[in-house]
Amino acid sequence: MGIVTAAETGSAIFTFDNTYARELEGYYVPWTPATVPEPQLVKVNAGLARELGLDAGALAAAEGINILAGNSVPVGATPIAQAYAGHQFGQFSPQLGDGRALLLGEIIDRHGQRRDIAFKGSGPTPFSRRGDGKCTLGAALREYLIGEAMAALGIPTTRSLAVVSTGETIRRDRPLPGAVLTRVAASHLRVGTFEFFAAHQGPEAVRKLADYAIRRHYPELAEADRPYLELLKAVADRQAELVARWLGVGFIHGVMNTDNMTISGETIDYGPCAFIEAYHPRTVFSSIDASGRYAYGQQAAIARWNLARLAESLLPLIDADTERAVAAATEVLDAFPEQHGACWLSVMRAKLGLSADTVDAAGDRALTDDFLTLLQHGRIDFTQAFRALYDLARGNTEASSRLFPPAEFAAWRQRWQTRQPERSETALAAMRGANPCYIPRNHRVEAALDAAVDGGDLQPFERLLAVVEQPFDERAADAEFAEPAPPEVTACYQTFCGT
Ligand code: AMP
Ligand code: MG
């Protein structure tokens with residue numbers, strides 16, 4: 001199926017080795033990116049290009065831009081639209097798939113890791129349903145910015161290699177400039193990929209996919225006694241850790257549908273995501289999440305719910321006896337809350353600068369919970385509050401005196417100091433590395449995107465990007481980027497599923 005129309009170019013910016021296309025025929029539709037009228041490079045990620053062993057200069061030259069726009073298919077690429085399904089807000093959609101994305105191919109990076117090179121916004125595919133297959137410039141820049149911020153915060157994530165504007169006008173609630181984003185991922189295997197083949201083709205198709213996932217992400221499981229149960233466990237491990245890391249930086253994914261949960265454990269799909277400001281576990285910014293299903297404090301429970309959908313897809317492979325399969329999978333799912341809780345505690349201990357060698361997990365949990373309650377009651381900014389604790393650990397009381405209500409804080413501080421009276425320089429450095437000064441503040445993100453989209457001015461985007469790429473070094477010149485949005489802005493802030 002599909003037609004290849006774009007000209008293949010002769011040079012090799014990428015050295016592709018496309019295992020998905022080669023080993024999983026029938027799991028995708030070969031397809032070709034749409035041609036766009038006027039491609040212009042908006043941003044190329046030189047640091048990521050280096051990591052991938054690519055020549056950023058070549059990407060930014062005319063031929064590179066043509067490739068990044070989808071106007072020319074590079075040598076060795078096998079562009080495909082991947083099939084997947086997914087539970088969206090709890091409802092099963094049997095056919096989603098790459099409706100505005102294409103996997104161009106895979107390359108091996110400088111560390112020997114296999115990475116997908118994929119487009120977002122490269123035109124309609126057989127999976128587009130009623131969509132136009134396009135991506136707006138604003139949505140592409142948002143994904144770029146927040147993904148890079150997450151990477152700088154040390155959180156597993158897909159990343160952006162480039163954004164090219166297309167010269168097209170896209171119809172959304174208003175006409176907007178179009179763009180193609182080049183996304184880099186450990187793979188694009190999702191929980192929803194498993195659901196698609198479980199729903200449409202049955203256990204042998206799922207087995208082939210699971211074997212591929214094991215080869216690609218968990219090769220150590222190939223020889224396990226029960227490799228598919230182990231696969232479920234391995235994905236649960238990664239997700240337990242990932243969500244704990246999100247919570248540690250106040251990240252709200254916003255649309256944790258099963259098609260937006262990776263098998264690799266990377267964060268994927270920066271649509272309506274946003275960072276929490278004043279702490280409240282029920283915080284939601286997404287305009288389409290009226291019920292708060294994907295609120296900040298719900299994310300671990302949702303990860304487990306999504307893992308249950310993965311488990312269902314794997315059941316026939318886990319054990320031929322359904323009852324035994326269900327029992328084994330249930331054990332994994334039942335262990336998840338505690339497993340995630342342990343990851344969360346370790347993230348929070350790092351943030352509070354507590355040594356991990358104590359056995360008093362319950363005490364540390366209570367200490368953390370009480371700090372969060374203090375933030376919640378005082379509507380205190382999450383990021384600033386934790387950074388203030390780092391300052392305090394260094395002997396600087398300025399931020400904590402400004403942020404915290406004195407009486408309540410004094411009592412908590414006493415407990416905190418009793419728990420950890422002293423810290424070495426190494427421990428202080430670790431605490432600093434767990435408490436960023438700068439996150440992509442919602443109002444800054446919006447301002448940067450507005451300037452880029454409405455005024456063609458990329459300077460605010462570049463400035464904000466530079467700030468969030470160095471999240472842990474406090475810089476006087478960037479002080480305003482550490483400030484939360486005015487409360488009236490946060491109160492009305494809504495994010496949209498950028499398409
Ligand atoms: P998302 O909510 O971004 O994870 O996307 C959910 C599904 O909708 C995926 O199958 C996407 O490919 C599809 N989709 C989203 N936006 C568009 C669009 N503009 N055109 C075609 N398909 C889209
Ligand atoms: Mg998605």
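The values are calculated or read from the model by the stated rules, or taken from the named source; none is laboratory data. The structure displayed is predicted, hence computed values, not measured ones. Note that we place each Cβ from the backbone using ideal geometry, even for glycine, and neighbour counts take in every protein chain shown. Just so you know, the surface numbers come from the protein's heavy atoms only, side chains and all, with ligands and any DNA or RNA stripped out. Shrake-Rupley method; radii C 1.70, N 1.55, O 1.52, S 1.80 Å.
Assigned by TED's automatic domain parsing to the domain that holds Ser160, within 29 Å of Ala452 (Cα to Cα) and of a type in the set (D, E, K, R): is that true of Asp98 in this structure?
On the way: assigned by TED's automatic domain parsing to the domain that holds Ser160: yes; within 29 Å of Ala452 (Cα to Cα): yes; of a type in the set (D, E, K, R): yes.
The answer is yes for Asp98.
Quick check on my filter: what residues within region 141-170 are closer than 22 Å to Trp31 by Cβ and free of Cβ contacts under 8 Å to residues at least 60 places away in the same chain?
Ile170 - this is the single residue of region 141-170 that is closer than 22 Å to Trp31 by Cβ and free of Cβ contacts under 8 Å to residues at least 60 places away in the same chain.
Being within 14 Å of ligand 1 (Cβ to nearest atom) and within 17 Å of the chain's Cα centre (by Cα) narrows it down to one residue among Glu195, Glu143, Glu148, Glu168; which is it? Talk me through it step by step, then tell me what you get.
Numbers: Glu195 fails: within 17 Å of the chain's Cα centre (by Cα); Glu148 fails: within 14 Å of ligand 1 (Cβ to nearest atom); Glu168 fails: within 17 Å of the chain's Cα centre (by Cα).
Sole residue among the options that is within 14 Å of ligand 1 (Cβ to nearest atom) and within 17 Å of the chain's Cα centre (by Cα): Glu143.
Looking only at region 216-239, decide whether some residue is among the β-branched types (Val, Ile, Thr), within 30 Å of Pro436 (Cα to Cα) and touching a helix residue (DSSP H, G or I) at 6+ places or on another chain (Cβ under 9 Å). Please lay out each step first, then the result.
Step one: of region 216-239, the residues among the β-branched types (Val, Ile, Thr) are 235.
Imposing the further condition that a residue be within 30 Å of Pro436 (Cα to Cα) reduces the set to 235.
Filter once more, keeping what is touching a helix residue (DSSP H, G or I) at 6+ places or on another chain (Cβ under 9 Å): 235.
Looking for residues that are among the β-branched types (Val, Ile, Thr), within 30 Å of Pro436 (Cα to Cα) and touching a helix residue (DSSP H, G or I) at 6+ places or on another chain (Cβ under 9 Å), one finds at least one in region 216-239, hence yes.
For region 100-136, which residues satisfy the criterion of being open to solvent by 20 Å² or more (accessible area, probe 1.4 Å), closer than 20 Å to Gly53 by Cβ and over 20 Å from the mean Cα position of the chain (by Cα)?
Ile108, Arg110, His111, Gly112, listed by residue number.
Determine which member of the set Val235, Val206, Val249, Val184 is of a type in the set (Val, Ile, Thr), open to solvent by 10 Å² or more (accessible area, probe 1.4 Å) and either within 13 Å of the chain's Cα centre (by Cα) or more than 16 Å from ligand 2 (Cβ to nearest atom) (or both). Even if it seems obvious, please write down each step before you answer.
On the way: Val235 fails: open to solvent by 10 Å² or more (accessible area, probe 1.4 Å); Val206 fails: open to solvent by 10 Å² or more (accessible area, probe 1.4 Å); Val184 fails: open to solvent by 10 Å² or more (accessible area, probe 1.4 Å).
Exactly one of Val235, Val206, Val249, Val184 is of a type in the set (Val, Ile, Thr), open to solvent by 10 Å² or more (accessible area, probe 1.4 Å) and either within 13 Å of the chain's Cα centre (by Cα) or more than 16 Å from ligand 2 (Cβ to nearest atom) (or both), namely Val249.
Can you name the residue in region 216-232 that is touching a residue at least 24 places away in the same chain (Cβ under 8 Å) and either within 16 Å of ligand 1 (Cβ to nearest atom) or surrounded by fewer than 20 Cβ atoms within 10 Å (Cβ to Cβ) (or both) and is also farthest from Ala152 (Cα to Cα) among such residues? Spell out the reasoning first.
Step one: filter region 216-232 for residues touching a residue at least 24 places away in the same chain (Cβ under 8 Å), giving 216-217, 226, 228-229, 231-232.
Now narrow it down to the ones that are either within 16 Å of ligand 1 (Cβ to nearest atom) or surrounded by fewer than 20 Cβ atoms within 10 Å (Cβ to Cβ) (or both): 216, 226.
Values: Arg216: 25, Arg226: 36 Å.
Here the residue is Arg226.
Search region 272-284 for residues being part of a loop (DSSP other than H, G, I, E, B) and open to solvent by less than 10 Å² (accessible area, probe 1.4 Å), and hand back the single one that is nearest to ligand 1 (Cβ to nearest atom).
The initial filter retains those residues of region 272-284 that are part of a loop (DSSP other than H, G, I, E, B), namely 272-273, 276-277, 279-284.
Filter once more, so that each one left must be open to solvent by less than 10 Å² (accessible area, probe 1.4 Å): 272-273, 276-277.
On the way: Pro272: 9, Cys273: 11, Ile276: 21, Glu277: 24 Å.
Here the residue is Pro272.
If Leu314 meets every condition in (1) away from ligand 1 (no atom under 16 Å from the Cβ); (2) open to solvent by 10 Å² or more (accessible area, probe 1.4 Å) apart from one, which number is that one?
(2)
Is it true that some residue in region 446-464 is under 27 Å from Leu345 (Cβ atoms), within 24 Å of the chain's Cα centre (by Cα), modelled with pLDDT of 95 or more and surrounded by 21 or more Cβ atoms within 10 Å (Cβ to Cβ)? Write out each step before concluding.
At the first step, the residues of region 446-464 found to be under 27 Å from Leu345 (Cβ atoms) are none.
Taking every residue of region 446-464 in turn, none turns out to be under 27 Å from Leu345 (Cβ atoms), within 24 Å of the chain's Cα centre (by Cα), modelled with pLDDT of 95 or more and surrounded by 21 or more Cβ atoms within 10 Å (Cβ to Cβ).
With the structure loaded, tell me whether Thr182 is outside any helix (DSSP H, G or I) and either out of contact with any strand residue (DSSP E or B) (no Cβ under 8 Å at 6 or more places or on another chain) or farther than 30 Å from Tyr438 by Cβ (or both) or whether it fails that test. Give the derivation first.
Details: outside any helix (DSSP H, G or I): yes; either out of contact with any strand residue (DSSP E or B) (no Cβ under 8 Å at 6 or more places or on another chain) or farther than 30 Å from Tyr438 by Cβ (or both): no.
Answer is no for this residue.
List the number of the failed condition for Ile288; all other conditions in (1) within 16 Å of ligand 1 (Cβ to nearest atom); (2) at positive phi hold.
Failing condition for Ile288: (2).
What are the residues in region 1-35 that are assigned to a strand (DSSP E or B) and at pLDDT 95 or above, if any?
Step one: filter region 1-35 for residues assigned to a strand (DSSP E or B), giving 8, 28-30.
The answer is Tyr28, Val29, Pro30.
Looking at region 385-392, can you tell me whether even one residue there is in a helix (DSSP H, G or I), open to solvent by 30 Å² or more (accessible area, probe 1.4 Å) and not β-branched (Val, Ile, Thr)?
At the first step, the residues of region 385-392 found to be in a helix (DSSP H, G or I) are 385-392.
Remaining after also requiring open to solvent by 30 Å² or more (accessible area, probe 1.4 Å): none.
Scanning region 385-392 turns up no residue that is in a helix (DSSP H, G or I), open to solvent by 30 Å² or more (accessible area, probe 1.4 Å) and not β-branched (Val, Ile, Thr).
When you go through Arg304, Arg309 one by one, which is the residue that is within 16 Å of ligand 1 (Cβ to nearest atom), more than 20 Å from Thr368 (Cα to Cα) and either open to solvent by 10 Å² or more (accessible area, probe 1.4 Å) or not assigned by TED's automatic domain parsing to the domain that holds Ala385 (or both)? Let's see the steps before the verdict.
Details: Arg304 fails: within 16 Å of ligand 1 (Cβ to nearest atom).
When all the criteria are applied, what remains is Arg309.
Can you pull out the helices (runs of 4 or more DSSP H) entirely within region 422-495 that have at least 3 residues that are closer than 17 Å to Phe382 by Cα? Lay out the reasoning, then the answer.
Values: elements: 425-432, 442-455, 459-468, 487-492.
Qualifying helices (runs of 4 or more DSSP H): 442-455, 487-492.
Which of the numbered conditions does Gly353 fail, given that it passes all the others? Conditions: (1) crowded, with 20+ Cβ neighbours inside 10 Å; (2) under 22 Å from Ala301 (Cβ atoms).
(2)
Does Pro156 fit the bill of being within 28 Å of Pro436 (Cβ to Cβ) and open to solvent by 10 Å² or more (accessible area, probe 1.4 Å)? Spell out how you get there, then give the answer.
Working: within 28 Å of Pro436 (Cβ to Cβ): yes; open to solvent by 10 Å² or more (accessible area, probe 1.4 Å): yes.
For Pro156, the condition - within 28 Å of Pro436 (Cβ to Cβ) and open to solvent by 10 Å² or more (accessible area, probe 1.4 Å) - is met.
Does any residue of region 306-314 turn out to be away from ligand 2 (no atom under 16 Å from the Cβ) and under 13 Å from the mean Cα position of the chain (by Cα)?
Within region 306-314, none of the residues are away from ligand 2 (no atom under 16 Å from the Cβ) and under 13 Å from the mean Cα position of the chain (by Cα).
Restricting to region 257-269, name every residue that is assigned to a loop (DSSP other than H, G, I, E, B), within 10 Å of ligand 1 (Cβ to nearest atom) and either open to solvent by less than 10 Å² (accessible area, probe 1.4 Å) or under 17 Å from Ala311 (Cα atoms) (or both).
Listed by number, the residues that qualify are Asn257, Ile268.
Inspect region 91-109 for any residue being closer than 20 Å to Ala162 by Cβ, within 15 Å of ligand 2 (Cβ to nearest atom), touching a Cys at 6+ places or on another chain (Cβ under 6 Å) and not in a loop (DSSP other than H, G, I, E, B) and give the result as yes or no.
Within region 91-109 (the criterion being closer than 20 Å to Ala162 by Cβ, within 15 Å of ligand 2 (Cβ to nearest atom), touching a Cys at 6+ places or on another chain (Cβ under 6 Å) and not in a loop (DSSP other than H, G, I, E, B)), the answer is no, since none of the residues qualifies.
Could you please find all residues in region 61-112 being more than 16 Å from ligand 1 (Cβ to nearest atom) and free of Cβ contacts under 8 Å to residues at least 40 places away in the same chain?
Across region 61-112, the qualifying residues are Ala61, Ala62, Gly112.
Consider region 474-499. How many of its residues are modelled with pLDDT of 95 or more, within 24 Å of the chain's Cα centre (by Cα) and open to solvent by 60 Å² or more (accessible area, probe 1.4 Å)? Lay out the reasoning, then the answer.
Quick first cut of region 474-499, residues modelled with pLDDT of 95 or more only: 474-484.
From what's left, within 24 Å of the chain's Cα centre (by Cα): 481-484.
Retained after the next criterion (residues that are open to solvent by 60 Å² or more (accessible area, probe 1.4 Å)): 483.
Going through region 474-499 one residue at a time, the tally reaches 1.
Residue by residue, here is whether (1) away from ligand 2 (no atom under 14 Å from the Cβ); (2) under 15 Å from Ala34 (Cβ atoms) holds:
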| position | (1), (2) |
| --- | --- |
| Ala81 | no, yes |
| Gly86 | no, no |
| Gly112 | yes, no |
| Gly133 | no, yes |
| Glu168 | yes, yes |
